[in-house]
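Peer 1: Can you read through this structure? Questions will come right after.
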Amino acid sequence: MNASLFDDEPAEMPLAPGATMLRGFALAHSAALQAGVAAVLAQAPLRQMLTPGGKLMAVWMTNCGPLGWVSDRRGYRYQAQDPVSGRPWPALPAAFAELAQQAAERAGFPRFEPDACLINRYLPGTRLSLHQDRDEQDFSQPIVSVSLGLPAVFLFGGLSRGDKTERLDLQHGDVLVWGGPARLRFHGVMPLAGGRHEELGEQRINLTFRKAG
Ligand code: SIN
Ligand code: FE2
């Protein structure tokens, strides 16, 4: 039984030490988040980056905030400029920073100040293979991941690539936070199932907030 059945607070589910699912946490901010995404994409359009091996990544990506995650022939890194425009990444919309901070705090990481937000777009069939987020300087800060649009099956593994993975169903408005002992857990996304979300259409948008620098 969960107290949130009886009030308006979103449910908070501890998954493992350092990892928390905040079901529906972003729902109240959905319109502001979508407006923020549209504003960012107008300045820094989604693009398919190249893997260091020279393959096009399936997920379409862009960034906002002081630092953006990029991948190309030279490898993975964070940088202040969008390589497509040569300009700084768009600023973090106020609604983004606020939501990320509140979610982190709720999951036990107060004072989270993200300096990078990666925006990922998945179309039906798009998957993201198992990986760790380890291009950041400071692993003491958590990852805050916000799901919008079509639902996805998130694979949440352990600290070694071969560890068993748990399948988490991520719906529009869900926020997943992992940090502390869970910070370097492997994770990925199963191929997106087809469908149509009433607000976002045939896609899933994921916002990943990190303290990168
Ligand atoms: C990521 O690991 O960068 C994205 C995860 C997701 O789309 O849920
Ligand atoms: Fe990741």
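Peer 1: Could you work out how far apart the two model spin labels at residue 202 and residue 84 are, taking each label as a point 7 Å from the Cα in the direction of the beta carbon, and quote it in nm?
Peer 2: Label-label distance for residue 202 and residue 84, simple model: 2.1 nm.
Peer 1: Ratio of Rg to Rh for the chain, alpha carbon only, Kirkwood? Could you put the intermediate results ahead of the total?
Peer 2: Details: Rg = 16.2 Å, Rh = 17.3 Å.
Ratio of gyration radius to Kirkwood radius for the chain: 0.93.
Peer 1: Is the C-alpha gyration tensor of segment 98-213 telling us rounded, prolate or oblate? Criteria: a/c under 1.5 is rounded; beyond that, a/b larger than b/c is prolate, otherwise oblate. It would help to have the intermediate numbers written out before the result.
Peer 2: Numbers: a/c = 1.98, a/b = 1.31, b/c = 1.52.
Verdict is oblate for segment 98-213.
Peer 1: A further question follows. Is the shape of segment 34-122 best called rounded, prolate or oblate, per the rule: a/c under 1.5 gives rounded, else a/b larger than b/c gives prolate, else oblate, with a ≥ b ≥ c the square roots of the Cα gyration tensor eigenvalues?
Peer 2: Working: a/c = 1.98, a/b = 1.63, b/c = 1.22.
Since a/c reaches 1.5 and a/b is larger than b/c, the shape of segment 34-122 is classed as prolate.
Coordinate-derived values only; no laboratory data. Model, not experiment: these values are computed from the prediction. Here the Cβ is made from the backbone with ideal geometry for all residues, glycine too, and neighbour counts use every protein chain on show.
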